Amino acid sequence: MSVTGGDQDAGGEDSGAVGSGPGSGGAASGPKRWRNRDVWSISLSACLADLGYQSVLAAFPLFLVLEMHEPVWLFGLASALSYGGGAVFSWLGGRVGDRIGHRRLALMGNAAIPLLSLSALVANPAVAIGLLSGGWWARNLRSPSRRVMLTEAVPLEEDRSAAFGFLHGLDVGGGMLAACYVLVALAAHMPYRWLFLLTVIPLGASTFALSRATTGAPAASGAGSSSEKPLETSGESGRRSGTGNGQAGTGNGQAGTGNGQAGTGNGQAGTGNGQAGTGPRPRLPGAGALLAATALYGFTSYSVGFPVLTLAEQGRSMLLGVTAFLVFQGVSATTGYALGAHLGLSASRRFGNLAVYGYLMAGLGAGLLAASYGASLGTAVSMIAVALIGFALGVIETLEPSLMSVLRPGGAAGRGFGALSASRSFGVFAGNLAMGLLYGLGASWAYGYAAVIAVVASLVVVAVLPAVRRAEQNAAAV
């Protein structure tokens with residue numbers, strides 16, 4: 001389960017030869033073959049979006065609790081409403097995107113996120129929370145579709161961990177810039193209404209950048225899939241014969257390449273040399289466990305506003321609280337960007353790293369934060385705990401969507417990503433309610449609860465590993 005052992009994975013799709021023909025994504029195209037225009041457009045859009053709405057999220061708990069003098073449990077309720085409603089919008093977004101086109105839905109949702117930028121224009125906490133929730137729901141509506149767009153932009157599945165890590169790196173990198181912006185704004189005593197309103201600018205630029213991506217168009221009539229580009233592993237591209245319209249296969253080890261015999265169309269195997277193509281790969285198990293684990297992680301999770309409040313309280317400084325936000329985002333972004341390509345090529349390796357370096361590490365970070373607050377270990381220990389939680393999030397945000405793209409490919413991608421986002425959002429809804437209530441008893445109770453549930457999420461993933469390994473071995477033996 002080594003983080004750095006991805007390139008040495010054996011068996012399953014990892015051992016498939018990479019075709020060298022056009023569009024095969026072969027080794028000759030280099031290790032960065034997946035960084036195309038669509039990947040850049042989607043990732044840059046994510047960076048700009050986070051620069052906008054993460055600025056609001058970083059400052060909103062300070063605005064609500066310290067500026068408007070509302071209780072901490074109300075912030076917990078606000079976060080719960082945002083994430084709880086977001087679960088419904090994520091579920092709807094995945095399904096509606098499969099019908100009307102993921103690009104169209106992603107643009108619609110992204111364009112409505114600036115609603116949260118208006119939340120500091122009102123003095124009524126209920127209206128402020130409503131505007132915050134509306135913008136967050138729009139963000140959740142477009143999230144599954146954006147992930148489908150990225151999946152379509154990266155046809156080879158072994159490249160997707162790197163691609164999703166790259167997306168997460170730029171995504172959370174925007175959050176780092178947001179934290180810097182909030183730090184400067186607070187130090188300059190900028191009014192909250194202007195701090196929030198200025199976030200409309202990067203949010204608008206985010207929608208423009210997303211419009212430059214070309215993936216996510218509606219499926220052709222009768223195609224049965226929302227993907228315009230083939231979703232396959234290099235092993236599949238290396239074993240399959242001609243890929244449609246009677247063309248002969250060109251990849252390494254493809255069937256039907258001899259004697260001038262062509263494939264039969266629609267990606268079916270040719271019959272040359274008596275070899276049969278592999279056809280569609282059997283569906284791997286583990287989707288249910290992944291959804292259960294991500295929901296449990298949601299139960300352990302909470303708005304990063306809670307650590308912001310904890311550090312601000314420990315250090316008696318709002319700037320220290322926002323610094324915690326910056327550390328969290330910075331470590332998370334660096335993790336996704338630097339380790340995305342090294343978190344495993346096979347599904348079993350990805351599941352293992354998700355359990356250990358994702359959920360288990362999140363539990364360790366939350367436990368350390370509980371100990372630091374309860375035993376008065378100081379802000380330095382608390383900041384280390386925040387960094388561990390950020391590292392865990394970088395791994396989780398890279399591996400969860402990467403695995404779902406394998407477990408629910410093709411026409412089921414939108415529903416798979418919608419279910420993934422909905423499971424997380426539902427868990428975070430309950431998690432924020434629990435955090436808000438437990439925080440009233442003491443921060444150590446809240447973070448201790450989070451630590452226990454994160455360990456349970458890790459165990460759920462470990463339990464499904466044997467079945468995933470058996471399925472990979474059976475697929476490799478065919």
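Values in this text are rule-based calculations from the coordinates and carry no lab data. Here the structure is a predicted model, which means the values were calculated and not measured. Here the Cβ positions follow ideal geometry from the backbone for every residue, glycine too, while neighbour counts run over all protein chains shown.
The table below lists the values:
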{"item": "Net charge of Cβ neighbours under 15 Å - reference L118; Lys, Arg +1; Asp, Glu -1", "result": "+2"}
{"item": "Residue-count net charge about L393 - beta-carbon cut-off 15 Å; Lys, Arg +1, Asp, Glu -1", "result": "-3"}
{"item": "Potential extension, L441-L121 segment - 0.36 nm per residue separation minus Cα distance", "result": "112.0 nm"}
{"item": "Neighbour-count ranking [beta-carbon atoms within 10 angstrom, fewest first] of I113, I453, I384", "result": "I384, I453, I113"}
{"item": "Net charge of neighbours whose Cβ lies under 12 Å from the Cβ of F89, counting Lys and Arg as +1 and Asp and Glu as -1", "result": "+3"}
